[in-house]
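This report refers to the structure that appears directly beneath it.
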Amino acid sequence: MSTTAKPAQTVLITGATAGIGRATALHLARAGYHVIATGRRAAELDKLRAETPAGARLDTALLDVTSLASIAAAVVEVDRLTGGRGLDALVNNAGYGLVGPLTEIADADLRKQYDTNVFGVMAVTRAFVPRMRDRGRGRIVNVSSMGGKMTFPFMGAYNSTKYAVESLSDALRYELRAFGIDVVLIEPGAIHTNFAETSMAPVSEYANTVYGAAIARSETLQKRMMSTAVGPQVVARAIHKAISRRRPAARYVAPWYGSFVFALLAVIPTRATDALFRRIGYLTPSALRKPEQLTAAASASARG
Ligand SMILES: NC(=O)c1ccc[n+]([C@@H]2O[C@H](COP(=O)([O-])OP(=O)(O)OC[C@H]3O[C@@H](n4cnc5c(N)ncnc54)[C@H](OP(=O)(O)O)[C@@H]3O)[C@@H](O)[C@H]2O)c1
């Protein structure tokens, strides 16, 4: 009987400097995986390494998912860390939310949102798939969102990136299965991380638009949603399941009871949910400024 221990499975996580990625890195390292935690901020990666429990294996590497040079350097580092074997699993987690009215969001901001949440996922996936294909096995876990199947007021930019991740993941699942590679989606609901703060940061930019009053009040909506939030460990456990199950589901909602919302939305007519979202997003005629009101306000402030 062979006494050789099975090597630990190697998992790379993007966006491990905060929130869900960080919690997942620590969770998987504790569970015995060889974790390669990646991110843009070296100091945060150092802190993460320092927090790794004794006996667990957690390496770090710099990786900005919007930079092809950074991705290429990470591939070289992974080859070095795994002796050329490559990854058993890739967790595409890095991402952020851009909040704002779609007609007012700057084109550059919209492109940056897609560069990170969509093109970043694809570029990182393309970089690590070849080694998995060579070995005839691997798993790709894409962190989408419940907002990858439903759209909230002022979150169309962000939600649309997650709709894209859902569709791309479905196609990747068809295209990679014959090579022994499985693709799994994680759909978190409201989770306590830096996400809400980052996504709400630019809303003051829209104060002088027709949506000014409505978007200011949308902070209340955000707070209401976050009052139902759970900790990032809930998502870390779902990612663990997605990596460890022999036959994983195509999607895991985290927390699981979020699937009731999808079930409910499936039977409510779209016109009815539209009305609900307009109301909770303060997108009613009384909450929106008319363009002439904006002109009057601008000339009043110009007169001093
Ligand atoms: N929190 C929620 O309620 C929620 C709900 C549904 C889905 N999600 C999804 O969960 C994922 C993780 O978000 P989170 O909630 O953990 O938010 P978070 O606490 O803000 O963490 C986001 C992580 O993504 C990283 N990141 C952003 N842009 C990057 C880039 N270009 N390259 C590499 N890393 C980058 C951040 O790095 P820096 O530290 O350098 O900024 C950070 O590590 C995202 O895909 C998000 O869309 C979150």
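Would you pick out the residues in region 165-184 that are within 17 Å of Asp88 (Cα to Cα) and in a helix (DSSP H, G or I)?
If the condition is that a residue be within 17 Å of Asp88 (Cα to Cα) and in a helix (DSSP H, G or I), then Leu172, Arg173, Leu176, Arg177, Ala178, Phe179 are the ones that fit.
Farther than 30 Å from Arg137 by Cα and free of Cβ contacts under 8 Å to residues at least 24 places away in the same chain: is that true of Ala216 in this structure?
It is true that Ala216 is farther than 30 Å from Arg137 by Cα and free of Cβ contacts under 8 Å to residues at least 24 places away in the same chain.
Mind telling me which of the residues Leu102, Leu90 ends up being at pLDDT 95 or above, farther than 29 Å from Lys241 by Cα and not in a helix (DSSP H, G or I)? It would help to see each step written out before you state the result.
Values: Leu90 fails: farther than 29 Å from Lys241 by Cα.
Exactly one of Leu102, Leu90 is at pLDDT 95 or above, farther than 29 Å from Lys241 by Cα and not in a helix (DSSP H, G or I), namely Leu102.
Checking the condition under 18 Å from Gly100 (Cα atoms), under 20 Å from the mean Cα position of the chain (by Cα) and either surrounded by fewer than 20 Cβ atoms within 10 Å (Cβ to Cβ) or within 14 Å of the ligand (Cβ to nearest atom) (or both), which residue from Ala201, Ala249 passes?
Ala201
Looking at (1) in contact with a Ser or Thr (Cβ under 9 Å, 6 or more places away or on another chain); (2) in a helix (DSSP H, G or I), can you tell me which one Glu187 breaks?
For Glu187, the exception is condition (2).
Can you name the condition, by its number, that Arg237 falls short on among (1) touching a residue at least 60 places away in the same chain (Cβ under 8 Å); (2) within 30 Å of Pro202 (Cβ to Cβ); (3) surrounded by 15 or more Cβ atoms within 10 Å (Cβ to Cβ)?
(2)
Among the numbered criteria (1) without any contact (Cβ under 8 Å) to a residue 40 or more places away in the chain; (2) within 23 Å of Leu98 (Cβ to Cβ); (3) not small (Gly, Ala, Ser), which single criterion is violated by Tyr257?
(2)
Taking region 39-74, which residues are assigned to a helix (DSSP H, G or I), surrounded by fewer than 20 Cβ atoms within 10 Å (Cβ to Cβ) and within 16 Å of the ligand (Cβ to nearest atom)? Don't jump to the end; show me each part of the working.
First, pick out the residues of region 39-74 that are assigned to a helix (DSSP H, G or I): 42-51, 68-74.
Next, only the ones that are surrounded by fewer than 20 Cβ atoms within 10 Å (Cβ to Cβ) stay: 42-44, 46-47, 49-51, 68-70, 72-73.
The answer is Ala42, Ala43, Glu44, Asp46, Lys47, Arg49, Glu51, Leu68, Ala69, Ser70, Ala72, Ala73.
So how many residues does region 177-195 have that are surrounded by 19 or more Cβ atoms within 10 Å (Cβ to Cβ), among the small types (Gly, Ala, Ser) and either near the ligand (Cβ under 6 Å from one of its atoms) or more than 20 Å from Tyr163 (Cβ to Cβ) (or both)?
Filtering region 177-195 for residues surrounded by 19 or more Cβ atoms within 10 Å (Cβ to Cβ) gives 181-191, 193, 195.
Now restrict to residues that are among the small types (Gly, Ala, Ser): 189-190.
Still in the list and also either near the ligand (Cβ under 6 Å from one of its atoms) or more than 20 Å from Tyr163 (Cβ to Cβ) (or both): 190.
Final tally of qualifying residues: 1.
What is the residue count in region 176-211 for residues that are more than 30 Å from Arg131 (Cβ to Cβ) and touching a Phe, Trp or Tyr at 6+ places or on another chain (Cβ under 6 Å)?
The qualifying residues number 1.
The values are calculated or read from the model by the stated rules, or taken from the named source; none is laboratory data. These figures come from a predicted structure and were not determined experimentally. Methodologically, a virtual Cβ is constructed for each residue, glycine included, from the backbone with ideal geometry; neighbour enumeration extends over all protein chains shown.
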